[in-house]
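The values are calculated or read from the model by the stated rules, or taken from the named source; none is laboratory data. Please read all numbers here as calculations on a predicted model, not as lab measurements. A quick note on method: Cβ atoms are made from the backbone with ideal geometry, for glycine too, and the neighbour counts reach across all protein chains shown.
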Amino acid sequence: MKQTQRSFPARMSQGGSRLLIGLALGLIYWITDSIIESVVYHNRDFFGLLLRPDFHESWHRWTMLLFMLVFASGYHIIFSKREQTENALTQRNKELTALNAVAATVSQSLDLDQILNDALEQVQQLDIVGSQVQSIIFLQDKQSGALKPAAHRGTPPNHPCLERPPKVGECLCGTAVAQGQVLLSHNCHQDDCPPRRLETPYQKDICLPLKVRGKTLGVMNVRLPVTQTISDSDIRLLTAITDQISVAIENARLFTAVTRQRERMRRLSIRLAETEEAERRRIANELHDQVGQNLTALGINLNLVRAMAEQEPGNNACARLDDSLTLVEQTTARIRNVMEELRPPMLDDYGLMAALRWYAERFAQRTELEITVLGEEPLPGLDDNTENALFRITQEALNNVAKHAQASQVTISLIDDADCVRLTIEDDGVGFAANGKNGGPGWGKFIMAERAEAVNGRFHTESQPQKGTKVITEIRR
């Protein structure tokens, strides 16, 4: 990033040298012509020809001298314009290089602290600020609006602004934030800035507000030795750099807000899943303890009544009692099925793989699908939330197969890797297009994705028309 550039006095000295060279060439021609003429014409005095030439006889010498001067002046003008153009291009390339370096640096991370420290590191390397630069970035608190130091480079630890940050409207930095404009001070003692009085009294401060979409986020202060030369183009470069930093700050804050919101939603999803499972377990227990027991008692009473009715010949009440007992048995079986759907006891008693095999067998009996379950119980075992999520995803996926896939075979596989558990449900059905048409899963897919994300997992589907569908869930250990 460091580039050398000739100073203005050096360019002026070089331009004067060109003019002197042109004048010297003209004088050399003048003297040479006088010598030649004095030699050819012996009666001519050399010094008389040199100092008092006759214009009518020596017009060519005057013309040559004028030509040399005009040539030197034109040469000087042309090369001066060329130098100005080259210097402008060099300055522009320097600015673009610096901006690209800052943009590449601040775009490598979304961590706010790292962005600010890396950005100041790039500012330290600019040749326009020198090696003795001190830089501080103050960010404005969203709640109180106060300025707080967020990063600094080359600044002494006991710098007053680190111990007592300036207020908005106070000193140069606070005024830059309040006005939203770049402020430059050639001597820090010329400003009403009590906390900025250091042991080194003569400093040059540049305060550049950090703004994005008209909103001021903070300010970057660049402190230089008072002898350091800063041009308007240098100020424009620093302003462009602060614009890059401002955008990076806004992006980092948005990313942090989105991350927090996603984490909040994930915790909420976990809580909802836990509440759902608890409610399922409660309802299942209620059905078992109350409705199931009542139906059992009712069945016993009906059997006793039937036994009593059989003792009376010709009584047709036995047929009705048999029908009532059949209804009680069917109701009991249906309630047991509802209890198992609400909270399968296999999941609590024997683990995930046993519950998947049990559910696949029952689902195959109802739908006439050929379902194969592959895999072993994960070791170490999964926590309850993860097991519940994988089991419910399997339930939803099988329901989607029965409703939409027109499949004949389904394979459920559970693979336990070192770092994650992968559940795959694959069918040989009609599949669906990438845009979700042709019977593709909609709400059910969303629910499955939510369940996976709630336990820090990743859910996706792979499908093509007439080539079946894969439902894949990966949960990190």
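Consider residue 227 carefully, then state whether it is modelled with pLDDT of 80 or more, among the hydroxyl-bearing types (Ser, Thr, Tyr) and not in a helix (DSSP H, G or I).
no
For the subset of region 134-143 comprising residues that are surrounded by 14 or more Cβ atoms within 10 Å (Cβ to Cβ) and over 13 Å from residue 208 (Cβ atoms), which member is modelled with the highest pLDDT?
139
Evaluate region 354-370: report whether one residue or more is in a strand (DSSP E or B) and touching a residue at least 24 places away in the same chain (Cβ under 8 Å).
Yes: one or more hits.
Picking from 380, 344, which residue would you name as being within 24 Å of residue 270 (Cα to Cα) and modelled with pLDDT under 80?
Only one candidate passes the filter, namely 344.
If you check 391, 432, 459, which single one turns out to be of a type in the set (Phe, Trp, Tyr) and assigned to a helix (DSSP H, G or I)?
Just a single option satisfies the conditions, and that option is 391.
Give 373, 328, 421, 338 a once-over and let me know the one that is more than 39 Å from the chain's Cα centre (by Cα), part of a strand (DSSP E or B) and not hydroxyl-bearing (Ser, Thr, Tyr).
373
Looking only at residues that are among the hydrophobic types (A, V, I, L, M, F, W, C) and not in a helix (DSSP H, G or I) in region 143-173, which one is nearest to residue 219 (Cα to Cα)?
Here the answer is 147.
Which one is farthest from residue 175 (Cα to Cα), of the residues in region 208-256 that are among the charged types (D, E, K, R) and in contact with a strand residue (DSSP E or B) (Cβ under 6 Å, 6 or more places away or on another chain)?
The qualifying residue farthest from residue 175 (Cα to Cα) is 250.
Could you list, in sequence order, all residues of region 362-400 that are hydrophobic (A, V, I, L, M, F, W, C) and under 17 Å from residue 449 (Cβ atoms)?
Selection gives 389, 390, 391, 393, 397, 398.
Residue under question is residue 146, and the condition is that it be of a type in the set (A, V, I, L, M), crowded, with 17+ Cβ neighbours inside 10 Å, at pLDDT 85 or above and assigned by TED's automatic domain parsing to the domain that holds residue 229; does it hold?
Answer is no for this residue.
Quick one: which of 279, 312 is out of contact with any strand residue (DSSP E or B) (no Cβ under 8 Å at 6 or more places or on another chain) and modelled with pLDDT of 75 or more?
From the options 279, 312, the qualifying one is 279.
Could you list all residues from region 337-359 that are closer than 26 Å to residue 300 by Cα and surrounded by 14 or more Cβ atoms within 10 Å (Cβ to Cβ)?
Correct list: 339, 340.
Restricting attention to region 376-387, does a residue exist that is more than 20 Å from residue 477 (Cα to Cα), of a type outside the set (Lys, Arg) and without any contact (Cβ under 8 Å) to a residue 60 or more places away in the chain?
Scanning region 376-387, I find no residue that is more than 20 Å from residue 477 (Cα to Cα), of a type outside the set (Lys, Arg) and without any contact (Cβ under 8 Å) to a residue 60 or more places away in the chain, so the answer is no.
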